[in-house]
Amino acid sequence: MLISLLLVLGGFVALIFGANWLVDGASALAKKYRVSDLAIGLTIVAFGTSAPEMVVNLVASTKGLSDMVLGNVIGSNNFNLFIILGISGLLYPITVQSSTAWREIPLSIVLLLVLIALSNNFFMGVPALSRIDGVILLTLFLGFLFYVFKQMKAEDTEASKPVERPLWKIALFIVLGLGGLVAGGQLVVNNAVKIASLLGVSEKIIGLTIVAAGTSLPELTTSIVAALKRNSDIAIGNVIGSNIFNVLLVLAGSLLINPIPFNTSFNTDLIIMTCGTIFLFVAMLTGKRKKLDRWEAALLLVFFIAYTVFLIKKEIG
């Protein structure tokens with residue numbers, strides 16, 4: 001138990017350093033090629049911070065751990081939305097570009113509705129996720145990438161001043177950052193699962209809480225570092241991009257390996273995620289426009305902590 005705890009702490013250190021390197025490298029890359037921070041956050045940073053979810057899910061899928069596969073994706077997305085944006089917004093109110101407020105966030109809502117429809121299999125009657133569903137999600141993912149790269153070309157970035165940092169140094173920062181995030185995430189998750197297993201907690205709850213939180217630590221550290229550096233586009237682009245990657249790439253990859261039955265108790269978590277995303281969209285339109293204010297971030301944080309405590313008490317009780 002003590003060794004596992006020490007390895008978890010070592011994972012946290014790797015995550016913090018990895019997040020710093022990744023944010024610095026990604027921001028420098030964006031400035032060097034006059035690409036917006038939001039586009040980098042939605043792609044490179046989101047993919048990098050979703051790597052732990054991908055690794056954990058592929059392993060869980062090969063072992064047929066359906067509740068772990070779903071719990072990790074759904075739990076990670078809820079953690080991203082409520083905890084990460086909650087903490088980041090409390091540290092520094094998050095201002096977003098109009099494209100995020102009007103396009104990326106509504107897109108996330110639509111994708112969640114698609115996931116709910118596919119999971120519950122409304123047209124066939126048996127709740128399950130098949131390889132065909134995986135192909136559908138993967139096709140949507142390719143469409144999302146096409147949309148982001150199209151946005152990159154459409155943006156007017158002439159006002160941004162390119163940086164003089166050499167490309168090899170930027171690449172080194174990004175690679176070291178991603179390596180630290182993946183290694184740290186694995187250390188935290190593997191050893192947290194060992195600790196949780198000793199406590200006799202179910203696969204679903206482990207997936208929704210310990211594993212989800214562990215694999216979301218890269219997103220957490222990356223967004224907090226970005227928020228402290230007043231880089232709102234990386235902070236929110238990372239969260240929205242990661243949530244899209246988790247559903248369209250991580251879950252799709254898992255389904256292509258092994259189709260899974262859908263535990264309908266996850267519907268509550270999917271509905272909470274959808275409502276939370278809608279709340280984020282509304283928050284962009286109220287008060288200071290296109291800004292997640294501190295009180296709104298606090299609401300996200302308090303709600304999810306209360307819900308997680310309820311889940312754990314229900315499991316133990």
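The values are calculated or read from the model by the stated rules, or taken from the named source; none is laboratory data. None of these values were measured; they are calculated from a predicted model. Cβ atoms come from the backbone with ideal geometry, glycine included; neighbour counts cover every protein chain shown. Each accessible area value is taken on the protein alone, full model and side chains, heavy atoms only, with ligands, DNA and RNA left out. Shrake-Rupley method; radii C 1.70, N 1.55, O 1.52, S 1.80 Å.
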Original post:
Once label points are set 7 Å from the Cα along Cα→Cβ at both TYR307 and ILE271, what is their separation, rounded to one decimal in nm?
Top reply: 1.1 nm
Subject >> Rounded to the nearest 20 debye, dipole of the chain from Cβ charges on Lys, Arg, Asp, Glu >> reply: 460 debye
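If you roll a 1.4 Å probe over the heavy atoms of the protein chains, what accessible area per residue do you get for region 194-317, in Å²? Mind showing how you got there, number by number?
Values: 4950 Å² over 124 residues.
Per-residue value: 40 Å².
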Subject >> Over region 1-99 - Rg/Rh using Cα atoms and the Kirkwood inverse-distance radius >> reply: 1.02
Subject >> Charge dipole (the chain, unit charges on Cβ, about Cα centre) - positive-most of LEU178, PHE304, VAL225 >> reply: VAL225
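Probe radius 1.4 Å, ligands and nucleic acids ignored: give me the carbon and sulfur share of the accessible area of region 153-280 as a rounded percent.
Values: 3370 of 5000 Å².
Looking at region 153-280 in its full context, I get 67 percent from C and S.
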Subject >> Along each principal axis, Cα extent of the chain, largest first, Å >> reply: 55, 49, 39
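I'd like the per residue volume of the convex hull spanned by the Cα atoms of region 202-317, given in cubic angstrom.
Working: hull volume 13.9 nm³, N = 116.
Cα-based convex hull of region 202-317, divided per residue, equals 120 Å³.
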**OP:** Could you work out the mean projected area of the convex hull around the alpha carbons of region 23-66, in square nanometres to one decimal?
**Re:** 3.5 nm²
Original post:
Any idea what the alpha-carbon Rg over 2.2 N^0.38 Å comes to for region 173-264?
Top reply: 1.23
Subject >> Label-to-label distance, nm, for residues given as LEU172 and TYR33 (7 Å Cα→Cβ offset) >> reply: 2.0 nm
**OP:** Compute the convex hull volume of the Cα atoms of region 54-152, divide it by the residue count, and report the result per residue in Å³ as a whole number.
**Re:** 133 Å³
Subject >> Among PHE144, PHE279, PHE262, residue whose mean-square fluctuation peaks in a GNM of the chain (springs only between Cα atoms under 10 Å) >> reply: PHE279
**OP:** At most 14 other Cβ atoms within 10 Å plus a DSSP loop assignment makes a site exposed; report the longest stretch of the chain without any exposed GluC sites (Glu not before Pro).
**Re:** 1-157
Original post:
Given only helices, namely DSSP H runs of n ≥ 4 each adding -39500 (n - 2.57), what is the per-residue ellipticity at 222 nm of the chain, to the nearest 500 deg cm²/dmol?
Top reply: -23500 deg cm²/dmol
Original post:
Pick from PHE304, PHE82, PHE146: which is most flexible by mean-square fluctuation in a GNM of the chain where alpha carbon atoms under 10 Å apart are linked?
Top reply: PHE146
Subject >> Accessible area per residue, Å², region 1-89 with all protein chains present, probe 1.4 Å >> reply: 33 Å²
Subject >> trypsin sites (Lys or Arg not before Pro) restricted to region 168-258 and DSSP loop, no more than 13 other C-beta within 10 Å >> reply: ARG230
Original post:
Put +1 on the Cβ of every Lys and Arg and -1 on every Asp and Glu Cβ in the chain; which of VAL247, ILE132, ALA19 then has its Cα farthest towards the positive end of the dipole?
Top reply: ALA19
**OP:** At 7 Å along the Cα-to-beta-carbon direction for both VAL114 and ILE3, put a label point, then send me their distance in nm to one decimal.
**Re:** 4.5 nm
Original post:
How much of the accessible area of region 1-95, probe 1.4 Å, is carbon plus sulfur, in whole percent?
Top reply: 77 percent
